[in-house]
Amino acid sequence: MQSPDKLALVTGGTKGIGLAFSRRLTRMGFRVVATFRSDEESANQALQEIDKGLSVVRSDVSDPEDVAHLAELVRTEHGTPQVLVNNAGLNIDRPVLEISDTDWRRVLDTNLSGPFYMTRAFAPHMREAGGGSIVNIGATTAIRPRLNGANYCSSKAGLLHLTKCLAMELAPSIRVNCLIPGMIDTEEMRTRYRVAEPEYMNALLDEIPQRRIGSPDEMADALEFLVGERAAYLTGQKLIVDGGQFMW
């Protein structure tokens, strides 16, 4: 049963890994507010799947005014979250010499400025209410860059350092950590890495010591740990869920 005293906010929480986070948090007893930017169909499907404890709100984390409006709406209608998951992200891949100013800003504004805006808007109320846990969802491209992703890689590398800065400044009442997915079974991952084709799948598995792709539920397992009491002494850290692919 969802507790009236337990509230979590998940940006981009209506599909993919974000939906797995929303599902798990409701099972942990949280009331969950999940945001989406444009995919209303996925938002409606999430509401049908998670029929108790989930609310969805359209919001654009890259817009500071929209984030301020979201913070007021959540505070007024739902209360103060104990858990904030900055999951919303954006990919616009181009060779570095072909990235437009607009596409550079859109990716940085969503992936790096978005978590900053969200934290700035919600952390004061979280601290006044006794604290909580913030989890930023990073990417392995912050550790090992890839071709045609200078905007995305830079945004996620910045997010790692932002996590540490936030952890220092918001301690001791608010813990801030970065959760990083490896190859997780989502529609985007399957399309990007062409895993339906055996040669591409085998090449991918050769890089993963466990020789398998992870599941969104395994990401949710890690999130459950990070926001729980067993991680009470853990802040400013990165947790990589990747089957060992990025241990080097």
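The values are calculated or read from the model by the stated rules, or taken from the named source; none is laboratory data. Note that this is a predicted model, so its numbers are computed, not measured. Counting neighbours? That spans all protein chains shown, and the Cβs are built from the backbone with ideal geometry, glycine included. In case anyone asks, the SASA skips ligands and DNA or RNA and just uses the protein heavy atoms, side chains included. Shrake-Rupley method; radii C 1.70, N 1.55, O 1.52, S 1.80 Å.
For 104, 248, the ranking by accessible surface with the largest value first comes to 248, 104, using a 1.4 Å probe.
Evaluated over the chain, the count of Lys pairs having alpha-carbon atoms less than 25 Å apart is 9 (only pairs 8 or more residues apart or interchain). Computed from point charges on the beta carbon alone (+1 for Lys and Arg, -1 for Asp and Glu), the dipole magnitude for the range 1-110 about its Cα centre is near 640 Debye.
What's the carbon and sulfur percent of the chain's accessible surface, probe 1.4 angstrom, rounded to a whole number?
Roughly 50 percent, rounded to a whole number.
Answer rounded, prolate or oblate for the range 6-81, using the Cα gyration tensor with square roots of eigenvalues a ≥ b ≥ c: rounded when a/c is under 1.5, else prolate when a/b is larger than b/c, else oblate. Oblate, because a/c is 1.5 or more while a/b does not exceed b/c. Within the shell defined by Cβ-Cβ distances under 14 Å, the residues around residue 178 carry a net charge of +3, with Lys and Arg each +1 and Asp and Glu each -1. How many angstrom lie between the C-alpha centres of the range 41-110 and the range 160-214? So the two Cα centres are separated by 19 Å.
Do you know the relative contact order of the chain, to the nearest whole percent, from alpha carbon pairs under 8 angstrom that are 6+ apart?
18 percent
For the pair residue 215 and residue 68 in one chain, pulling the backbone fully straight at 0.36 nm per residue adds 49.6 nm over the alpha carbon distance. The modelled label-to-label distance between residue 224 and residue 98, using points 7 Å beyond Cα along the C-beta direction, is 4.3 nm. Computed extension length for residue 193-residue 51: 47.8 nm, one decimal, from 0.36 nm per residue of separation with the Cα-Cα distance subtracted.
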